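Enquirer: Encoded as structure tokens, here's the structure I'll be asking about.
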Amino acid sequence: MNNQYTGWTLKKYGRAQRLALNTYQHHPLKDTEILIKIEYSGVNSADIALRKGKKLIVRLFNGLFYPKKITRTGVDFSGRIISVGHKVKKYNQGDWVFGLRDNDFSTNSQYLYVDANCLMAKIPIGVSPETACAGSFGGINALFFINLLPKLENRSKILVTNAQGSVGNAVFQILNAMEHDVIAGIRTGHESSFKSQFPNVLSMPENDLRNLGSDTLDVIIDCGGRRINFGLIKALKSKGYLVTTSFGFSTMIFKYITEIFSDKKIISRVAGYYKEDLECIAEYICSGTYDPQVDSIFPYEDLIAAHKYIDNFGKFGSVVIKS
Ligand SMILES: NC(=O)c1ccc[n+]([C@@H]2O[C@H](COP(=O)([O-])OP(=O)(O)OC[C@H]3O[C@@H](n4cnc5c(N)ncnc54)[C@H](OP(=O)(O)O)[C@@H]3O)[C@@H](O)[C@H]2O)c1
């Protein structure tokens with residue numbers, strides 16, 4: 001094995017061209033460390049938000065003028081274990097694994113050094129590393145947001161907005177498999193992809209969601225990550241819940257106003273990720289409950305092209321990078 005490997009880095013916020021390849025040195029494994037040869041890694045909403053640095057919250061967290069804390073890219077990965085430290089019991093050389101590096105964004109790389117206790121699980125037999133990678137970010141976020149809901153009645157009427165995105169698509173598929181009465185809100189341009197994948201599901205363009213009427217839905221899971229629309233609140237039944245992936249000052253104001261003037265609840269959180277949820281996602285993928293949608297695959301060298309593709313054309317499901 002060569003003594004060096006490469007990984008993508010982000011030294012300045014802005015356009016995709018700001019991304020650059022950097023060289024790293026291999027090092028001797030610590031006792032609880034694992035070395036993984038990355039096979040696939042993702043480009044998802046967290047990477048795009050970090051690269052653009054448009055939101056104040058990103059800059060407050062990662063440096064006002066240039067990225068300081070997180071300077072590499074890639075949250076999700078799948079790959080094969082090359083070697084394990086002496087004290088590692090749970091994993092062996094040759095195991096196929098997938099997981100997330102939400103603390104240091106370092107998966108758009110040829111190799112990855114992780115601690116054995118990190119957010120990682122074995123890929124079940126029969127699941128491809130490409131599918132495992134494509135399902136990890138959307139799947140783990142979907143479980144987090146679904147688990148914020150109280151216990152649902154059978155056949156609850158649920159709207160999932162942005163069901164073409166990674167998180168929205170996973171939320172939609174998991175709730176649909178639980179046999180709830182799910183409506184998928186789809187952003188313009190992605191309707192035909194959605195219809196061809198899920199022909200029997202009631203879907204509607206995002207722009208038509210305001211025509212849902214009043215008091216028709218038990219739950220809304222809003223996966224757009226943007227300002228909540230008042231029309232959605234109107235569509236909720238009394239005591240209904242809206243869970244949103246958006247988080248920030250305007251969402252909090254919206255939540256307090258809604259909860260003062262109605263009996264409807266809004267839940268907004270920054271997602272937390274758990275190993276059990278990742279293992280649950282592996283089972284869901286294996287059983288067919290969740291079939292991660294791969295929009296496109298770019299070669300490792302073309303990470304900039306993958307970012308530009310998402311900036312210009314959007315995506316249906318996930319974009320993955322093949323190392
Ligand atoms: N609270 C948290 O901790 C947390 C965790 C994960 C994700 N999120 C947020 O949840 C959202 C979804 O995440 P994701 O990974 O599923 O992202 P994604 O795969 O990029 O999907 C987001 C979807 O939103 C659509 N969109 C873009 N601009 C829009 C607009 N102005 N109005 C309506 N829809 C728009 C995009 O459509 P186009 O492709 O056509 O642009 C895209 O399909 C993101 O905003 C993300 O920041 C929050």
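The values are calculated or read from the model by the stated rules, or taken from the named source; none is laboratory data. Predicted model only: the values in this text are computed from it and were never measured. All Cβ positions, even for glycine, are placed from backbone atoms using ideal geometry, and neighbour counts span all protein chains on display.
Enquirer: Only one of 210, 227 is within 16 Å of the ligand (Cβ to nearest atom), over 24 Å from residue 152 (Cβ atoms) and within 20 Å of the chain's Cα centre (by Cα); which?
Expert: Going through 210, 227 in turn, just one is within 16 Å of the ligand (Cβ to nearest atom), over 24 Å from residue 152 (Cβ atoms) and within 20 Å of the chain's Cα centre (by Cα): 227.
Enquirer: Separate question: For region 185-210, name all the residues that are of a type in the set (D, E, K, R) and exposed (fewer than 15 other Cβ atoms within 10 Å of the Cβ).
Expert: 195, 208, 210, listed by residue number.
Enquirer: Any chance region 289-298 includes a residue that's in a strand (DSSP E or B) and under 24 Å from residue 143 (Cβ atoms)?
Expert: yes
Enquirer: Looking for something within 21 Å of the chain's Cα centre (by Cα) and farther than 28 Å from residue 246 by Cβ - is there at least one such residue anywhere in region 41-55?
Expert: no
Enquirer: If you don't mind, there's one more thing I want to ask. Quickly run through region 10-29 and pick out the residues that are in contact with a strand residue (DSSP E or B) (Cβ under 8 Å, 6 or more places away or on another chain) and surrounded by fewer than 19 Cβ atoms within 10 Å (Cβ to Cβ).
Expert: 11, 18, 20, 21, 22, 23, 24, 25, 26, 27, 29
Enquirer: Please name all residue pairs, on different chains or six or more residues apart, with Cβ atoms under 7 Å, provided the first residue is in region 268-280 and is within 15 Å of the ligand (Cβ to nearest atom) and the second residue is among the charged types (D, E, K, R) and in a loop (DSSP other than H, G, I, E, B).
Expert: That search, which allows pairs on different chains as well, returns 273/102.
Enquirer: Here is a further query. Identify, please: which residue in region 56-80 is within 11 Å of the ligand (Cβ to nearest atom) and within 30 Å of residue 97 (Cβ to Cβ) and is, among those, farthest from the chain's Cα centre (by Cα)?
Expert: By that ranking, first place goes to 58.
Enquirer: Run residue 250 past the list (1) surrounded by 13 or more Cβ atoms within 10 Å (Cβ to Cβ); (2) assigned by TED's automatic domain parsing to the domain that holds residue 183; (3) assigned to a helix (DSSP H, G or I); (4) not β-branched (Val, Ile, Thr) and report the number of the one that doesn't hold.
Expert: (1)
Enquirer: Additional query: Could you give me the residue pairs with C-beta distances under 7 Å whose first residue belongs to region 225-253 and is without any contact (Cβ under 8 Å) to a residue 40 or more places away in the chain and over 13 Å from residue 269 (Cβ atoms), whose second residue is part of a helix (DSSP H, G or I) and among the basic types (Lys, Arg) wherever it lies, and which are 6+ apart or on separate chains?
Expert: Here the result reads 231/210, each pair linking region 225-253 to a residue that is part of a helix (DSSP H, G or I) and among the basic types (Lys, Arg).
Enquirer: Scanning region 141-163 for residues that are within 8 Å of the ligand (Cβ to nearest atom) and in contact with a helix residue (DSSP H, G or I) (Cβ under 6 Å, 6 or more places away or on another chain), which turns out nearest to residue 276 (Cα to Cα)?
Expert: The selected residue is 141.
Enquirer: A further question on this structure: Report, by residue number, each residue of region 49-71 that is closer than 28 Å to residue 316 by Cα and surrounded by fewer than 16 Cβ atoms within 10 Å (Cβ to Cβ).
Expert: 49, 54, 55, 56, 57 - these are the residues of region 49-71 that are closer than 28 Å to residue 316 by Cα and surrounded by fewer than 16 Cβ atoms within 10 Å (Cβ to Cβ).
Enquirer: Exactly one condition in (1) acidic (Asp, Glu); (2) under 25 Å from residue 299 (Cα atoms); (3) more than 15 Å from the chain's Cα centre (by Cα) is false for residue 102; which is it?
Expert: (3) is the only condition that residue 102 fails.
Enquirer: So which pairs qualify, if the first residue must be in region 73-92 and in the same structural domain as residue 22 (by TED's automatic domain parsing) and of a type in the set (Ser, Thr, Tyr), the second must be at pLDDT 95 or above and surrounded by fewer than 16 Cβ atoms within 10 Å (Cβ to Cβ), the Cβ gap must be under 6 Å, and the two must be at least 6 apart or on different chains?
Expert: 83/93
Enquirer: Only one of (1) assigned to a strand (DSSP E or B); (2) near the ligand (Cβ under 10 Å from one of its atoms) fails for residue 320. Which number is that?
Expert: (2)
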